[in-house]
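Okay, so here's the structure we're looking at.
The values are calculated or read from the model by the stated rules, or taken from the named source; none is laboratory data. Since the structure is predicted, the reported quantities are computational estimates derived from the model, not experimental observations. Here Cβ is always computed from backbone atoms with ideal geometry, including for glycine, and neighbour counts include all displayed protein chains.
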Amino acid sequence: MKASAKNLLSIIKEPKQFVIPIYQRTYSWQPKQCVQILKDIKAAADSEQGHFIGSIVYFQPDIHTIAEIHKYLVIDGQQRLTTITLLIAALVKFLEDNSNTDIGTTPKKLNNYYLFNTEEEDELYYKLLLTKRDKETLKSLLSGKPLPEKSSTKVIENFEYFYKQISAENASIIYQGLQKLIVVDVALEREKDNPQLIFESLNSTGLNLSQADLIRNYILMGQESDFQKHLYEQYWYPMEQSFGENITSLPFFMRDYLTMKMGSIPNIDSVYEKFKTIFKNTKDVIEVEAIVKDLYRYSQYYVRVALRKETDTSLLPIFKALTKLKMDTSYPFLIAAYSDYEDDVITKDDFKEILNLTKNYVFRRAIVGIPTNSLNKTFATFYKNIKRETYLESVKAAFLLLDSYKRFPDNVEFEREIKLKDVYNFRSRNYLLESLENYKRKELVNAENYTIEHIIPQNEKVSVEWKQELGENWKSVKETYLHTLGNLSLTAYNSELSDHPFSTKKSISGGFNDSPLFLNQSVRSEAIWNEEAINTRAATLAQRALKVWTAPVLDETTLAIYQEPEQSKSESHYSLDDYDHLQGDMLELYKALEKRVLNIDSSVRVEFKKLYIAFKSQTNFVDVVPQKKRLRLSLNIEFDQIRDPNGICKDVSGLGRWGNGDVEVGLENSSELDYIIELIEQAFEIQVNE
């Protein structure tokens, strides 16, 4: 690598052509950046030292290449080079239109020195060759030819901006300023320098690249020009095009792709760094092409699933439901399953059932109210549970074997909770009601075309008629059932139904008696709308929900095949009687602690070990070692993560202790219990979130 400070115009003036690689972003400078650089150029005119505007990084041509005009492949600096070229072109046009203006040079010289290689033909004629539609737009602009039908908006807008800013009074100042521009000229040797490392280390003033841009550059930068073009045109460009206006989703696909490959989830801002660690030793062109081809392949599954670009009309409704439920955490698993479907590993019917089970899993958990923060890690490793020879069966088994806070809610839990849940304030309420309505229906209803109808009105001022309808406990009935499934429906006549009595809501034109909707059949069948009627309708809809959002079913014998071998139970015979120090007050203190810890979450269980007592959900989060005068607690959390305003925790990382974790704390009497529980809950939350 050779780097030195040079005058920008002197670099451009040499017989050469700067070529923007095909994978680089198009020209993207905004008006505010053009305003700033023009301001800097005017200020530079009065400077004796010149004005630094950044760096130009490029590959040197092979020294063995014989040519009068060498091509320099630009790695960094294309935005500045293009902007200066547009300003010079605007200055040329101004001088041609205003021949009386003298700036110490001529339009012909500006053209010959900085815009064209005048002795060359075709594309070599131009000193700067852009990429994609930018190229044809700039060529037409410089040559005075009609602009192409699909022109580059930024190139045209910024050229026109500069032209309008030039006047007889400032043209000379602008030219003097251009002559004062300084850049760091960085010339790389293809076989010796790593362009990506240099590119990353530059303190560029340009626009930030996305994680996907960085990955693209990492893959293509340094490849031979023809191979670059092949990879870009065959795979990368079609991939970008498939995202269309959702191009900002490309980095998220990259994250899900890496999650699928690794089984762990990189932070969205660390996707590029993680990609480099996995593929850093890939240099062979066959391997490089295989990676890019694989990215392209899975990107097509991603846009069909996540961006609803599926052309198969039997799959598209499922993908629409997935996006309504915001199930992006499941995409690493789903694109892997889609690949198997495309490869005929599974049939379409099996694939559809897997998609529906995944959807039902997420929806049932939302109804039951299980926190979603574990879903991303559940799906990150879910695919490894699949057995290709019994594909669908193994998916069902994997769902059924999830336990604790990862569980697939069973029919009893789901039916109970959907009847009691505040559905009106549920994020997916329209999806819920629409799905219940459309079950086994050919003429589908779109909930967006209706409004949610509260059969018992929301109005705080309850009418006499409604008090009589609901009975003497009318206030309690309304508070309990107002927003629940049994009291909600869909209607296009919300304003007409208003707060009218139940009998009027049924009989009025457009009321429940006239409604063709399934959801309203169970309303009009009731003569009185009270607690019993609401519960009856809720039970009816809950039974329908069990058919809409089914759970996987396997017999115990089949399920046992997929269960992990249980760990040795040699310690399971221990009990409280085996701990010498758990007597009297210390035993009572332990029992009080145990009760509080078990109440943290329904997933918490206790195991009695030989030398300590373990409380665990997925794994141990607090272990208790009974001692003569206290209970010594080991919290499975890093010491710098614990919030301990009282300062009673001890860092025992690296020390030999019975129990798991880096944090130790003692419990000596019940007055400390509330604070100790707060510490234990932190360890539990860390485990759940991980």
Take region 553-586 and flag every residue that is at pLDDT 90 or above, exposed (fewer than 11 other Cβ atoms within 10 Å of the Cβ) and part of a loop (DSSP other than H, G, I, E, B). 553, 555
Which of (1) assigned to a helix (DSSP H, G or I); (2) among the hydrophobic types (A, V, I, L, M, F, W, C); (3) touching a Leu at 6+ places or on another chain (Cβ under 9 Å) does residue 56 not meet, given it meets every other one? (1)
Note on region 307-341: residues in contact with an Asp or Glu (Cβ under 7 Å, 6 or more places away or on another chain) and crowded, with 17+ Cβ neighbours inside 10 Å are 319, 331, 332, 335
Quick check on region 283-307: of everything there that is of a type outside the set (Lys, Arg) and farther than 18 Å from residue 260 by Cβ, which residue is modelled with the lowest pLDDT? 284
Given the structure, is residue 118 over 45 Å from the mean Cα position of the chain (by Cα), assigned by TED's automatic domain parsing to the domain that holds residue 58, part of a loop (DSSP other than H, G, I, E, B) and touching a residue at least 60 places away in the same chain (Cβ under 8 Å)? no
State yes or no: is residue 68 outside any helix (DSSP H, G or I) and within 24 Å of residue 145 (Cβ to Cβ)? no
Region 503-542, residues that are under 19 Å from residue 446 (Cα atoms), touching an Asp or Glu at 6+ places or on another chain (Cβ under 6 Å) and outside any loop (DSSP other than H, G, I, E, B): 518, 519
Breaking point among (1) of a type in the set (Gly, Ala, Ser); (2) closer than 20 Å to residue 365 by Cα; (3) free of Cβ contacts under 8 Å to residues at least 60 places away in the same chain, for residue 428: (3)
If I ask for residues that are charged (D, E, K, R) and either touching an Asp or Glu at 6+ places or on another chain (Cβ under 8 Å) or surrounded by 11 or more Cβ atoms within 10 Å (Cβ to Cβ) (or both), which ones from region 97-122 would you list? 97, 102, 108, 109, 119, 120
Would you mind stating whether residue 216 is crowded, with 19+ Cβ neighbours inside 10 Å and either without any contact (Cβ under 8 Å) to a residue 60 or more places away in the chain or part of a loop (DSSP other than H, G, I, E, B) (or both)? no
Residue check, residue 524 surrounded by 15 or more Cβ atoms within 10 Å (Cβ to Cβ), of a type outside the set (Asp, Glu) and at pLDDT below 95: yes
Quick check on my filter: what residues within region 220-252 are under 17 Å from the mean Cα position of the chain (by Cα) and among the hydrophobic types (A, V, I, L, M, F, W, C)? 243, 247, 250, 252
Using beta carbons and a limit of 7 Å, which pairs, at least six apart or on different chains, have the first residue in region 286-306 and free of Cβ contacts under 8 Å to residues at least 40 places away in the same chain and the second one not hydrophobic (A, V, I, L, M, F, W, C)? 304/310; 305/331; 305/338
Within region 379-432, residues over 28 Å from the mean Cα position of the chain (by Cα) and of a type in the set (Asp, Glu) come out as 389, 393, 410, 413, 415, 417, 422
Which numbered condition in (1) at pLDDT below 95; (2) assigned to a loop (DSSP other than H, G, I, E, B); (3) out of contact with any Asp or Glu (no Cβ under 9 Å at 6 or more places or on another chain) is the only one that residue 148 fails? (3)
Just give me the residues in region 250-275 being of a type in the set (Ser, Thr, Tyr) and either in a loop (DSSP other than H, G, I, E, B) or buried (at least 19 other Cβ atoms within 10 Å of the Cβ) (or both), in sequence order. 257, 259, 264, 272
Can you find a residue in region 421-429 that is over 14 Å from residue 487 (Cβ atoms), in contact with an Asp or Glu (Cβ under 9 Å, 6 or more places away or on another chain) and part of a loop (DSSP other than H, G, I, E, B)? no
State the number of residues belonging to region 466-502 that are part of a helix (DSSP H, G or I) and either in contact (Cβ under 8 Å) with a residue 60 or more places away in the chain or of a type in the set (Asp, Glu) (or both). 6
Return the pair list, or none, for Cβ contacts closer than 9 Å from residues in region 363-380 that are in contact (Cβ under 8 Å) with a residue 24 or more places away in the chain to residues that are surrounded by fewer than 16 Cβ atoms within 10 Å (Cβ to Cβ) and of a type in the set (Ser, Thr, Tyr), at least 6 apart or on different chains. 365/372; 366/372; 377/264; 380/264
Output yes when any residue across region 277-292 is buried (at least 18 other Cβ atoms within 10 Å of the Cβ) and in a loop (DSSP other than H, G, I, E, B), and no when none is. no
Cβ-Cβ under 7 Å, sequence separation 6+ or interchain: first residue in region 79-105 and outside any helix (DSSP H, G or I), partner small (Gly, Ala, Ser) and surrounded by fewer than 22 Cβ atoms within 10 Å (Cβ to Cβ). Which pairs? 98/168; 101/168; 101/171; 103/171; 103/172; 104/172
The condition from (1) among the hydrophobic types (A, V, I, L, M, F, W, C); (2) within 20 Å of the chain's Cα centre (by Cα); (3) more than 23 Å from residue 418 (Cα to Cα) that residue 362 misses is numbered (3)
Please state which of the following conditions residue 151 fails to meet, knowing it meets all the rest: (1) of a type in the set (Gly, Ala, Ser); (2) surrounded by 15 or more Cβ atoms within 10 Å (Cβ to Cβ); (3) more than 23 Å from residue 36 (Cα to Cα); (4) out of contact with any Lys or Arg (no Cβ under 8 Å at 6 or more places or on another chain). (4)
Tell me which residues, restricted to region 124-145, are in contact (Cβ under 8 Å) with a residue 60 or more places away in the chain and either touching a Lys or Arg at 6+ places or on another chain (Cβ under 9 Å) or in a loop (DSSP other than H, G, I, E, B) (or both). 124, 126, 127, 129, 130, 131, 133, 134
Picking from 47, 28, the residue that is in the same structural domain as residue 188 (by TED's automatic domain parsing), of a type in the set (Ser, Thr, Tyr), touching a residue at least 24 places away in the same chain (Cβ under 8 Å) and surrounded by 14 or more Cβ atoms within 10 Å (Cβ to Cβ) would be 28
Could you check, for region 80-96, whether at least one of its residues is under 20 Å from residue 185 (Cα atoms), among the basic types (Lys, Arg) and surrounded by 17 or more Cβ atoms within 10 Å (Cβ to Cβ)? yes
Qualifying position, being part of a strand (DSSP E or B), touching a residue at least 24 places away in the same chain (Cβ under 8 Å) and not small (Gly, Ala, Ser), among 589, 633, 593, 679: 633
Within region 357-413, the count of residues that are surrounded by fewer than 17 Cβ atoms within 10 Å (Cβ to Cβ), assigned to a helix (DSSP H, G or I) and basic (Lys, Arg) comes to 2
